[in-house]
Structures are given as C-alpha cells and as structure tokens.
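Only one structure is covered here, and it is reproduced in the block below.
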C-alpha cells in the first residue's frame, strides 16, 4: 500500500495529550477509508505536525484528517524510503 | 536524546538508490556529531525529502547533512510524538 507524509501547520503549543487525542481521532475512523496512520511528530514552537500513513491514495488520508477535525495543509506520496 | 525532523526541497526525481546513497553518506559520519538518522522518506515528484533523527541539537543534524553534501532547508525539533 502506498505511503504518505502529511503536513499540518499552525499547531502552535500542541501538547503530547493534544497530539494523542488528534491521532486517536484519526485511528478511530481510518479503517473506513483503508488508511493506517503509523506515527505523528510535532513541534509545538513552529506549529508543524507530520504524519506518516499507508493509504489507497492521498485523498483518503485527507478525508480521514478532515473528518477528525484537522485537515492537513499538504499530503505527499512518499514512494521512496531509506 | 532529542528528536528532529529535517526537510529538504528540490530533490526532484530522487531514486531509491539516490536516497540510499545520501542516507548512507549521513550514516558514515553521523557518530562524529552524536547524531542517529533513523529514517528518510522522499517524494520524487515534489522534490521533498524528510529525515527523522536523534541528535544533541538541530545544528548537529545540519552539520552532518552539510558535510554529506545535502544541506537541509529546515531542521525542526519534534519533542511531541504519537
């Protein structure tokens, strides 16, 4: 299944509890779009958040994030890894 | 040890072999700065590359990338994960 890196901006001050809550909101509904969110990283100072996922396509990733209340600014396919 | 997400732009057309070569160039010298690169993801179409690492600080991450020939555009601390 293709992998995706999505990027959120404006999440200044995000806490471990806030990120976990957002991540769990994705996990709760991700199967409805065949998405599997693997991990999320956040920088509270810059407000940046990155999520890595496996999904049928980028639109499916975005649909889950939108429905969970936190639309991504960008969703990139990442077919190359090392 | 703190974690960092660094971002490279302009890597259009990067191949699996090219990313592996770049990643291995980091790994070969990372211990000199106490850095441990964990994983890299690339999107050949947009030219974006992301690397996750553990390091003493962001400057150490950048020094390794610079010496390996691929300066990052940005290095963010990611103290929050889920």
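Only the coordinates and a few stated rules stand behind these numbers; no lab work does. This is a predicted model, so every value here is computed, not measured. As a convention, Cβ positions derive from the backbone with ideal geometry for all residues, glycine included, and neighbour counts pool all protein chains shown.
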Helix B:58-67 sits at what angle to the longest principal axis of chain B, using alpha carbons and giving 0 to 90 degrees rounded to 10? 40
Please give the calculated 222 nm ellipticity per residue for chain B, where each DSSP H segment of at least 4 residues contributes -39500 (n - 2.57) and the sum is spread over every residue; nearest 500 deg cm²/dmol? -9000 deg cm²/dmol
Mind checking which chain B residue has its Cβ closest to the axis relating B to A, and how many whole Å off it is? B:50, 3
For the protein assembly as shown, radius of gyration divided by Kirkwood radius, i.e. Rg to Rh on alpha-carbons: 0.97
Copy-to-copy label separations for residue A:39, where each label sits 7 Å from Cα toward Cβ, in nm and ascending: 0.4
Treating the point 7 Å from Cα along Cα-beta-carbon as the label, what are the nm separations from residue A:1 to the other copies, to one decimal? 3.2
For residue A:67 paired with residue B:67, estimate the spin-label separation in nm (one decimal), with each label point 7 Å from Cα along the Cα-to-Cβ line. 4.8
Among B:42, B:72, B:28, determine the one that fluctuates most according to a GNM of chain B built with springs between C-alpha atoms less than 10 Å apart. B:28
Cut-off 18 Å, label point 7 angstrom out along Cα-to-Cβ of residue B:24: give me the residues of segment B:53-82 whose amide nitrogen falls inside. B:65, B:68-70
Within 10 Å of the Cβ of an average residue in B:41-51, the count of other chain Cβ atoms is 5
By how many degrees, between 0 and 90 and to the nearest 10, does the Cα long axis of helix A:16-29 differ from the longest principal axis of chain A? 30
Quick one: plug the Kirkwood hydrodynamic radius of chain B (C-alpha pairs) into Stokes-Einstein at 4 °C, 1.567 mPa s, and report D in µm²/s. 104
Which residue fluctuates the most in chain B, going by a Gaussian network model with Cα springs under 10 Å, if the choices are B:65, B:12, B:23? B:12
Considering only the label points, 7 Å along Cα→Cβ from Cα, what distances in nm to one decimal separate residue A:24 from the same position in each other copy, shortest first? 4.4
In peptide A:25-38, how many Cβ atoms from other protein chains are near each Cβ within 10 Å, on average? 0
